[in-house]
Structures are given as structure tokens and as C-alpha cells.
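Below is one structure; the comments refer to it alone.
The values are calculated or read from the model by the stated rules, or taken from the named source; none is laboratory data. Remember, predicted model here, so these are calculated numbers, not experimental data. Glycine also receives a Cβ, built like all others from the backbone with ideal geometry; neighbour counts cover every protein chain displayed.
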């Protein structure tokens, strides 16, 4: 008798997962659809939309711009965030706590607000839109994730490992290189991949900081303003798959110790970061 | 390993410098702009409260405010309620499927925002998949117009976008509750709904509060979904209005003033939600 309600919950949970994935699946399915019509059922399998879109100069330059912006964002946010995370985890003071919550504030604000603030600053100081203004906007929203992930890693491993190394005669520099860095490297890498993924798809801030430069999301946005065009499915699929691929790659790179547990730990870490 | 004071200062200064130059200065500039006036399409430094006056008194902007609320509030509530159901399932009910579903949710978190908007547009269009399915099943003769260019369409797409996020935040909160607690309450005779109201919801109150506000703010500030999925009336949100002032109309002072009015209204929502949740016993009464 008591089985009925849990089963209802199972149905609801299943429906919600379908709801989350349905639109994503539709994009991918129709990206490989040979017909030009976007109605059910699709006609046949083809990569014509991909070859069509890769033939376009505007798309290729958008892909290049987005990739470089995402790489730059991952590096800058990774360096700034990791350096700051060390201080926050190992030498917390009133100032570092203040900076920790201050860095999280932009994530709570609508990206629109960040975007127009940057517009105001660029207008005031006569800064022309460039790759750097795009990256600056992306670093604002990705650094908090890096800090969160690296700080939680630094706080959660056994500091006795470092003390033991010191007791055995290792200099602080050796401890850092041989103990601390290897322990936090997977988290730093994971955080940078998340920064890459967020940056690659960012459009709400980029719209204000890019000037005439067109990133991949901005390319999709300009196409959306026109008619529905099946080749957008192919671009949207790339927008989806590149970040996923990056995350998958990060998992594979860490496979040396990748038992089920580390994967689970990483997933929970991501969940907590969100 | 302890850090020397000098090394600590060196390591944290890039973050401080960056936050100062890329966040603090720009937001201050935006605030200053809201007191400027427009002369020959150029913002002129000065001090006038005309922009704020125009926003607060105009009935047009009141309509924008109401429409923004009618999109952001349902989006936030639906995202959190659905996210709670899914998170509860993940934390307490799922066994073999838990790992798989958790990974699926994290992957969906990285789902592209624009891909979703585009997909909902093709799904709900007049000749889109929903309508062609409905017609094929003879459930309707003519394409349903309400599926697209309506408030419903905007809210649906936004809930779709925020659901993985609310699910994971609430999961992380629920999974820290000992599973035995629920069983104990049930053993002591509490009904399911009572266990939910008296045990689970209060213990995840902070996460509920944070997730609701987060989704509400982001939905209210979204200026792309309402344009592509909303109709003439339902696309008129504060987000689209502000974006318009700063990218098309180029009335920076007015756009800045609207943005700060929106932030002030956010504070009202924060206080209202906190009071409401405290009255409902979902948030502790004493914490500040």
C-alpha cells in the first residue's frame, strides 16, 4: 500500500528529466535531419547542416573568437581564482572573507547588470570593445566558481600530509610542488573547464562588451532574429557539445585515479559549486 | 602550510584589483550615469533625479514591472518546486538510478541557453513539433497559438533552463539531512505532508530561499528569452527595457536609473520572501 506514493514521485522525477532533456534532444536530432522542415518526424540522417554552416565565414570566425575567449577566460579565472583560494583557505582574515563574498556577488546579479555596468565604464574611460572586454565580462562570472571549487578542495584534504612532508625535511617549495599542487590539480583543472564552458556559451554580458566582434552565441542570436533556419540546429548542437566535450575530456585526463568514487566526488563537487 | 603575510597579499591582490576595476568601478559608473541627463543623445555629467522620477511615476513602467513580476515569480516558484521534487527523489528515493540522474542533471546544467530558446521556438511554433503532433493525434484542428509568443512560453523555457540548477542546489541541501530523520518522524506518527512541512522544508529553508531569489533575479534580468518567446505584451520586461536603453535607444542615464529601480525592487522581494518564509516556519526567526 505504501508503495503508491513513492511510485508517483518516480513518475514525476522521470517526467522532469524528460522535460529537461527534450529540447536539447530536439536540437541535436534536427541538426542531423536531412529534411529542411522542422516538423515531426525527421526525414533521414545527414550532416548537410554542419557542412553548410562550416562553409560560412561568419560562423568560422565566431567559433574561433568564442574558443579563444573561453581559453583566455579559463586561464585568467584559473590563475586569479586559485591564487586567491590559497589565501582564503590558509590565511583567512576579515579582508579575505570580505573578498570571498564580494566575488560571489556578481553571480547573484543578473548578467544584464554586469553587462551594462561594463558599458558605462567603457563609455566613461573611452575603452573600445575588444577581446579583452569580452574576457573581462566572462572572468567576472567564472572566477567565483574557481574560488569555490579550489577553496573547498584546499579545506577538505588532510593537511597532515603537508606537515608530514615538512617533518621529513622537505622545504616549503618542495611541499608545494610535490604535495599541494598534485592534490589540488584535478580541482583546478575541473574549475577551469567549468570556466571554459560558461564562457563559451555566455551571451547576456558578451552582447554589451563585444562591439562588432561576433562570438558563436552572438552569431546564433543574430540568426534567431531572422527566420527559423535549420542550420541553427547545427550551430546550437556545437554550442552544446563543445562544453560537454571539454568536461568529458577533463574527466578522462584525471582517469589515472578515476574510480567510480572520484567521478562521484567530482559530480558532487560540481553540484555543490552550483 | 602557512602563508607569510606578504605572500598572502601578493596572491590575493589580483582578485582584489580585478573586482575593483571590473566590478566596483563599472557599477559606480552606472550609478553615476543614472543621475546624468541626455543632451544631443550624449549623457552629460550632472546631478538630476529626473530619470528616477520618470521611472517611478510613469504608468508605462509600472506595466513593465508587473509583467516582469508575472514572468519571474512563476519561473522562480515552478523551478524551485519542480527542483525540490527531483532533488528529493535523488536524495531519498533513487537507488540505482541516482548516480546516472545526478550526472544527467550536472550535464544539463551546462546546456546552452540559446540552444534552449531556439529549441522551444521550433517545438512550439505554428508548424512546430508540438502542433504537428497535436494535429496528427486529432487533438486540435488548428495550430495552438498560445504555445509561442506568450508568457507561458517564456516561463516554460526559463524553468527548463533553471531546473537543473535548482535541483542541484536543493539536492546538496537535502542530501545533508540524515535519512533516518524522515523515518523517525514517520515512526512517531507524523503524516507525509507533516514530515515535509515540519522536518524537510525547514531543514532546507536556506537553500529554498537562496534558489528562489537566484532564479527570480536572473529571470527578471533576462532580456533575450522574452524577446524571442514572448508576445507583444509579455516581452515588455525590465530586462528588455534596460537592454534596449543601452544598446538601441542609447539613453544610458534612463537605462541606468531603471536598472537601479529594479535592484531596489529586488530588495523588496528579498525582504518579502524572508518575512513570508519566516511566518511559514521555513526560515529561523532570529538569524539576520
Quiz item: Quick one: how many residues across segment B:93-124 are more than 7 Å from every other protein chain (Cβ to nearest Cβ), assigned to a helix (DSSP H, G or I) and surrounded by fewer than 18 Cβ atoms within 10 Å (Cβ to Cβ)?
Solution: 3
Exercise. Quickly run through segment B:218-271 and pick out the residues that are in contact with a strand residue (DSSP E or B) (Cβ under 8 Å, 6 or more places away or on another chain) and within 14 Å of residue B:56 (Cα to Cα).
Key: B:254
Quiz item: What's the number of the condition residue B:133 fails, among (1) within 7 Å of chain A (Cβ to nearest Cβ); (2) buried (at least 17 other Cβ atoms within 10 Å of the Cβ)?
Solution: (2)
Quiz item: Out of all the residues in segment A:74-83, which are buried (at least 24 other Cβ atoms within 10 Å of the Cβ) and away from chain B (no Cβ under 12 Å)?
Solution: A:74
Practice problem: Having 3 or more residues that are at pLDDT 90 or above and at positive phi is the bar; report the helices (runs of 4 or more DSSP H) wholly within segment A:180-229 that clear it. | Solution: none
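Per-residue answers, yes or no, for (1) crowded, with 18+ Cβ neighbours inside 10 Å; (2) more than 10 Å from chain A (Cβ to nearest Cβ):
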| site | (1), (2) |
| --- | --- |
| B:126 | no, yes |
| B:129 | yes, no |
| B:138 | no, yes |
| B:153 | yes, yes |
| B:161 | yes, no |
Self-check item: Set B:66, B:44, B:27, B:56: member being free of Cβ contacts under 8 Å to residues at least 24 places away in the same chain, touching a helix residue (DSSP H, G or I) at 6+ places or on another chain (Cβ under 9 Å) and within 28 Å of residue B:217 (Cβ to Cβ)
Solution: B:27
Exercise. Scan segment B:39-60 residue by residue and report those that are buried (at least 17 other Cβ atoms within 10 Å of the Cβ) and more than 10 Å from chain A (Cβ to nearest Cβ).
Key: B:51, B:52, B:55
Quiz prompt | Members of segment B:224-250 found to be touching a residue at least 12 places away in the same chain (Cβ under 8 Å), outside any helix (DSSP H, G or I), surrounded by fewer than 24 Cβ atoms within 10 Å (Cβ to Cβ) and within 12 Å of chain A (Cβ to nearest Cβ), listed by number | solution = B:224, B:250
Self-check item: Which listed residue is out of contact with any strand residue (DSSP E or B) (no Cβ under 6 Å at 6 or more places or on another chain) and in contact (Cβ under 8 Å) with a residue 60 or more places away in the chain, from A:120, A:191, A:165, A:185
Solution: A:191
Self-check item: Breaking point among (1) in contact with a helix residue (DSSP H, G or I) (Cβ under 8 Å, 6 or more places away or on another chain); (2) within 28 Å of residue A:119 (Cβ to Cβ), for residue A:212
Solution: (1)
